[in-house]
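Everything below concerns the one structure shown next.
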């Protein structure tokens, strides 16, 4: 392995720490704590959206770095796409790529769904059903992204260990 490959793997791991670690923190620590913070559901939702927007300033670049460095680390497979289906490693890598694409699409939908307009509407519209709907969507997308990200990490570990199906 040449030095640049080691540095790119390190960058990939650092970006994964930011992406997955931050997502798990928000989902397992911050979101449950918000039940006890603030006076109203509006305040809690607004805080969650603001924290999410701040996290996105680090998460989005980290995700892009993961994709770019992942493509670099898998470049030999992309040179001959048949490699994805001719070995256990290739199959696991292909599944990891599919999960990454699903995660990326889910993440984009998530950040587009909960923009500044929604935050303003939360502050203006105090309809409990609307707020409950927004909260459910926010939690649902967050959980989906965390679960997908953890599975991607599992596939990364399986790839690194050289696991064989037979």
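The values are calculated or read from the model by the stated rules, or taken from the named source; none is laboratory data. Just so we're clear, the structure is a prediction, and the values are computed from it rather than from any experiment. With ideal geometry, Cβ positions are generated from the backbone for all residues, glycine too; neighbour counts draw on all protein chains shown.
Criterion applied to 73, 82 was being exposed (fewer than 13 other Cβ atoms within 10 Å of the Cβ) and more than 28 Å from residue 124 (Cα to Cα), and the one residue passing it is 82.
Evaluated against (1) in contact (Cβ under 8 Å) with a residue 40 or more places away in the chain; (2) surrounded by fewer than 16 Cβ atoms within 10 Å (Cβ to Cβ); (3) over 16 Å from the mean Cα position of the chain (by Cα), residue 129 falls short on exactly one condition, (1). Scanning the range 31-41 for residues being under 21 Å from residue 18 (Cα atoms) and surrounded by 17 or more Cβ atoms within 10 Å (Cβ to Cβ) gives a total of 1. If you go through the range 99-126 and keep only what is outside any helix (DSSP H, G or I) and either in contact (Cβ under 8 Å) with a residue 24 or more places away in the chain or closer than 19 Å to residue 57 by Cβ (or both), you end up with 114, 115, 126. Answer yes or no as to whether residue 44 is surrounded by 17 or more Cβ atoms within 10 Å (Cβ to Cβ) and within 23 Å of the chain's Cα centre (by Cα). The answer is yes for residue 44. For the range 92-104, the criterion of a residue being at pLDDT below 95, exposed (fewer than 15 other Cβ atoms within 10 Å of the Cβ) and either more than 28 Å from residue 41 (Cβ to Cβ) or in contact with a strand residue (DSSP E or B) (Cβ under 6 Å, 6 or more places away or on another chain) (or both) is satisfied by no position. The condition (being at pLDDT below 85 and over 28 Å from residue 3 (Cβ atoms)) is satisfied by just one residue among 86, 124: 124. Among the residues of the range 132-149, those identified as exposed (fewer than 13 other Cβ atoms within 10 Å of the Cβ) and within 18 Å of residue 108 (Cα to Cα) are 136, 140. Against the test of being out of contact with any helix residue (DSSP H, G or I) (no Cβ under 7 Å at 6 or more places or on another chain) and closer than 25 Å to residue 27 by Cβ, the options 143, 54 yield a single qualifying residue, 54.
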